[in-house]
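The structure appears below as structure tokens.
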Amino acid sequence: MDAVIVLSHVYKSYPMGELNLEVLNNISLTINQGEFVAIMGASGSGKTTLMNILGCLDRSDQGQYQLVEFDVSKANSDKLARLRNKHIGFIFQSFHLLPRIDIIRNVELPLIYSAIPARQRRIKAIAALTNVGLQDRLGHLPTQLSGGQQQRVAIARALVTSPEVLLADEPTGSLDSQNGKEIMELFKQLNELGKTIVMVTHEQDIANYASRRIFMQDGKIV
């Protein structure tokens with residue numbers, strides 16, 4: 001399998017008063033195309049910081065990060081933004097949908113930054129929403145949908161640019177157990193179709209959907 005994510009000896013710390021708080025300590029990790037990986041650990045273990053680095057939202061202090069064929073460690077801010085938009089789809093615990101525009105336009109948003117013409121944006125957005133089972137809700141506002149349906153919109157938005165990697169941070173954290181199960185079944189289907197998924201969760205039953213589980217403690221993979 002081809003590696004889509006390779007971290008080598010990554011460190012990250014944040015200033016805290018006169019001291020530096022070490023959050024990631026010598027992290028090396030390879031994730032191959034088509035894997036479904038769950039990252040687990042207690043609060044403060046470093047998993048969210050790791051996710052931010054994987055998503056090009058933050059930089060490591062030391063070490064190397066290769067995303068697909070790109071050396072992220074050497075990318076400037078503009079390059080990081082382009083990498084995020086083209087290669088990564090984000091799914092969060094909070095859906096981050098704009099409440100006053102319909103779900104088609106919500107899903108179109110990442111395509112606007114790619115300078116894709118309006119007609120093509122709409123076609124791609126409708127296809128992504130159809131793929132997550134929302135073809136009968138296309139004209140709705142986010143506020144007219146259930147929590148599970150809103151998370152499906154967020155997943156469609158993450159998929160619309162055809163990214164190599166989906167990064168999901170506690171994707172069922174705002175959902176009841178039934179909606180959470182339905183979202184995880186959707187992730188499972190996407191993974192079976194070849195999509196690479198990296199998910200942060202603290203719930204064992206959610207992590208069990210992944211084919212591989214990584215545990216973090218005190219900034220290290222254990």
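Here's a check for you: in the stretch 143-164, which residue that is small (Gly, Ala, Ser) and not in a helix (DSSP H, G or I) is farthest from Val37 (Cα to Cα)?
First, pick out the residues of the stretch 143-164 that are small (Gly, Ala, Ser): 146-148, 154, 156, 158, 162.
If we keep only those that are not in a helix (DSSP H, G or I) too, we end up with 146, 162.
Details: Ser146: 27, Ser162: 19 Å.
The qualifying residue farthest from Val37 (Cα to Cα) is Ser146.
For the subset of the stretch 174-186 comprising residues that are under 15 Å from Tyr209 (Cα atoms) and among the small types (Gly, Ala, Ser), which member is surrounded by the most Cβ atoms within 10 Å (Cβ to Cβ)?
Only one residue fits best here, namely Gly180.
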Test: Gln189 is surrounded by fewer than 20 Cβ atoms within 10 Å (Cβ to Cβ) and either aliphatic (A, V, I, L, M) or over 13 Å from Ile104 (Cα atoms) (or both): yes
Residue match in the stretch 176-189 (condition: at pLDDT 95 or above, in contact with a strand residue (DSSP E or B) (Cβ under 8 Å, 6 or more places away or on another chain) and more than 22 Å from Thr49 (Cα to Cα)): yes
Residue list for the stretch 130-162, filter: crowded, with 22+ Cβ neighbours inside 10 Å and under 25 Å from Ala81 (Cβ atoms): Gln151, Val153, Ala154, Ile155, Ala156, Arg157, Ala158, Leu159, Val160
Qualifying residues in the stretch 182-222 (those that are in a strand (DSSP E or B) and basic (Lys, Arg)) - the one farthest from Ile39 (Cα to Cα): Lys220
Among (1) in contact (Cβ under 8 Å) with a residue 24 or more places away in the chain; (2) more than 16 Å from the chain's Cα centre (by Cα) - the single one Leu167 does not satisfy: (2)
Which numbered condition Leu175 misses (of (1) out of contact with any helix residue (DSSP H, G or I) (no Cβ under 9 Å at 6 or more places or on another chain); (2) assigned to a loop (DSSP other than H, G, I, E, B)): (1)
Candidate set from the stretch 192-207 (those that are buried (at least 21 other Cβ atoms within 10 Å of the Cβ) and among the hydrophobic types (A, V, I, L, M, F, W, C)); member that is nearest to Arg157 (Cα to Cα): Ile197
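Give the residue, chosen from Lys124, Lys86, that is of a type in the set (D, E, K, R), under 17 Å from Lys195 (Cβ atoms) and crowded, with 19+ Cβ neighbours inside 10 Å.
Lys124
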Breaking point among (1) closer than 25 Å to Pro142 by Cβ; (2) over 15 Å from the mean Cα position of the chain (by Cα); (3) modelled with pLDDT under 95; (4) polar (S, T, N, Q), for Ser94: (2)
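The values are calculated or read from the model by the stated rules, or taken from the named source; none is laboratory data. All figures in this text were calculated on a predicted structure; none of them were measured in a lab. Counting neighbours? That spans all protein chains shown, and the Cβs are built from the backbone with ideal geometry, glycine included.
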